[in-house]
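To keep things clear, I will list the structure first and then write my remarks on it.
The values are calculated or read from the model by the stated rules, or taken from the named source; none is laboratory data. Since the structure is predicted, the reported quantities are computational estimates derived from the model, not experimental observations. Here the Cβ positions follow ideal geometry from the backbone for every residue, glycine too, while neighbour counts run over all protein chains shown. Side chains are part of the model used for accessible areas, which takes the heavy atoms of the whole protein and leaves out ligands, DNA and RNA. Shrake-Rupley method; radii C 1.70, N 1.55, O 1.52, S 1.80 Å.
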Amino acid sequence: MFISLSLYWPITVGYLLSGAASAMAQKSVTIQNDDPLVYFHGRWDSSPGTWWGGSGFKLNVKNLESLTLNLGPHTTAPLTSVGVSLDYDEFITANISQGSNVIPIPVSFKTDSEKKTTVVRVNVEGWQNNRMNLESITLNQGALLVPYIPSELAFQFIGDSLSAGQFLPQGVDQAWPFLIGEAFKAEHIVIAQPGAALSDIVSFGNEHGVSYQFFRTEDTGYFDTTDHNFTTPWNFARDRPAATHVVIHIGANDAAQNVTDVEFVQVYTDFVTRLRTIYRHQPIFVFTPWGWPNPDGTFGQYFEGQYQKIVDLRHANGDENVFLVNTTGWVSYADVFPENQHPTVLGHERIASKFQTWLENWGLKPESRWTNL
Ligand SMILES: *[C@@H]1O[C@H](CO)[C@@H](O)[C@H](O)[C@H]1NC(C)=O
Ligand SMILES: *[C@@H]1O[C@H](CO)[C@@H](O)[C@H](O)[C@H]1NC(C)=O
Ligand SMILES: *[C@@H]1O[C@H](CO)[C@@H](O)[C@H](O)[C@H]1NC(C)=O
Ligand SMILES: *[C@@H]1O[C@H](CO)[C@@H](O)[C@H](O)[C@H]1NC(C)=O
């Protein structure tokens, strides 16, 4: 019996495999990257591919059982790390590469009879090596995309390494801006470039400052990229919904590059004036630095008093919708990595908790429920 089975084994398995493969090819559902039911967020170039940590897409799927991301040649090699969240659960890292990438769907998230849809959220985590060139998405037979309804609350964060989640295991997904977006059940986009000044100067490997790069599709990585060594203007109409709240935390690298107080106030107020052509009526929150904590309890400070001056100048110009967020005391030495004084995972959680309290006192409440649930 064993002998006859082994004799026939190759033929039988070969038949079964090709039968199963062709059945899957016929029945699986392919979603093209221009499908209007794919909700893109963050910055995507025309390939289409992501730039800037936190950029990604969201799906709302009926009968979800399997998910495969088919990625093109502009994907970071050998891999890019994405956070994947199902039904607003925590983000779990998946490393994905050019070609087909099966994203595991735990049984508990597969659509059952009680539950109408599964919300899938995918975003690149890294402040570099963050290019996901999405060609198509393969779903199981019977899966059906339905509209993803974005939250009415939408944050736009602007910053440097202190907002990008540099040095964190899961990058921007563990950084305070992302955590705030999640805590408020909001859409959120983080445009933050480690090492960059606000001033449009070369700084720590960045060819441009954030006052330039914020308006471009590509992050600073374009400069070291052979297949896309250029930038294109970002079409802000693609941010849907438009940000309802704008948060800026920047200046550490201007200070490191010896930008003077007077120059910094000028570049910052010019930047806010330009932001006002996009965000005409939205509140803009201006963070003061929390400083660089030292082991002896002191802080390295920069541009002391200047952020207040920036806000005062906006008010004097009739723009009352700019608010100073005084972050003094939000971060201590225990909250940072000793080798680079950047907040740890717990440090970022602490900052997010402080800012959430600040925003609630200011008058913003988290949404009571996630959309699509
Ligand atoms: C993803 O890749 C990075 C870099 O190679 C590695 O450190 C990390 O452990 C990987 N994570 C997962 C979930 O595979
Ligand atoms: C990108 O272009 C700039 C000048 O336009 C050049 O200096 C740089 O070396 C280029 N980078 C790569 C990786 O080719
Ligand atoms: C900034 O100024 C300090 C003190 O004068 C100097 O040591 C440092 O080299 C300067 N840094 C830059 C980037 O110019
Ligand atoms: C920020 O708060 C600290 C501590 O409460 C206070 O000393 C400082 O004056 C405040 N700064 C501004 C600009 O309000």
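What the table shows:
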quantity	calculated
Number of positions in the range 335-349 that are open to solvent by less than 80 Å² (accessible area, probe 1.4 Å) and either part of a loop (DSSP other than H, G, I, E, B) or modelled with pLDDT under 95 (or both)	5
Residue in the range 265-314 that is farthest from Gln213 (Cα to Cα), counting only those that are in a strand (DSSP E or B) and open to solvent by less than 50 Å² (accessible area, probe 1.4 Å)	Pro293
Matching residues, the range 185-201, being part of a strand (DSSP E or B) and charged (D, E, K, R)	Glu187
Output for the range 166-198, where each listed residue is surrounded by fewer than 24 Cβ atoms within 10 Å (Cβ to Cβ) and polar (S, T, N, Q)	Gln166, Gln170, Gln174
Candidates Thr75, Thr111, filtered to the one that is more than 16 Å from the chain's Cα centre (by Cα) and modelled with pLDDT of 95 or more	Thr75
Evaluation of Ser163 against (1) in contact with a Gly (Cβ under 8 Å, 6 or more places away or on another chain); (2) crowded, with 23+ Cβ neighbours inside 10 Å (one fails), failing number	(1)
Qualifying residues in the range 315-334 (those that are part of a strand (DSSP E or B) and touching a residue at least 40 places away in the same chain (Cβ under 8 Å)) - the one surrounded by the most Cβ atoms within 10 Å (Cβ to Cβ)	Val322
Out of Arg121, Arg131, sole residue that is crowded, with 20+ Cβ neighbours inside 10 Å, within 16 Å of ligand 1 (Cβ to nearest atom) and under 16 Å from the mean Cα position of the chain (by Cα)	Arg131
Near pairs, Cβ below 9 angstrom, 6+ apart or cross-chain, from the range 117-141 (on the phi > 0 side of the Ramachandran plot) to any residue that is open to solvent by 10 Å² or more (accessible area, probe 1.4 Å) and outside any loop (DSSP other than H, G, I, E, B)	Asn129/Ser81; Asn129/Gly221
Condition met for Ser108 (of a type in the set (Ser, Thr, Tyr) and in contact (Cβ under 8 Å) with a residue 24 or more places away in the chain)	no
Flag if Ala242 is within 16 Å of ligand 3 (Cβ to nearest atom) and either closer than 27 Å to Gln341 by Cα or surrounded by fewer than 19 Cβ atoms within 10 Å (Cβ to Cβ) (or both)	no
Restricting the range 309-337 to residues that are farther than 24 Å from Asn294 by Cβ and within 26 Å of the chain's Cα centre (by Cα), the residue that is nearest to ligand 3 (Cβ to nearest atom)	Leu324
In the range 217-264, the residues that are assigned to a loop (DSSP other than H, G, I, E, B), closer than 22 Å to Trp176 by Cα and more than 20 Å from the chain's Cα centre (by Cα)	Gly251
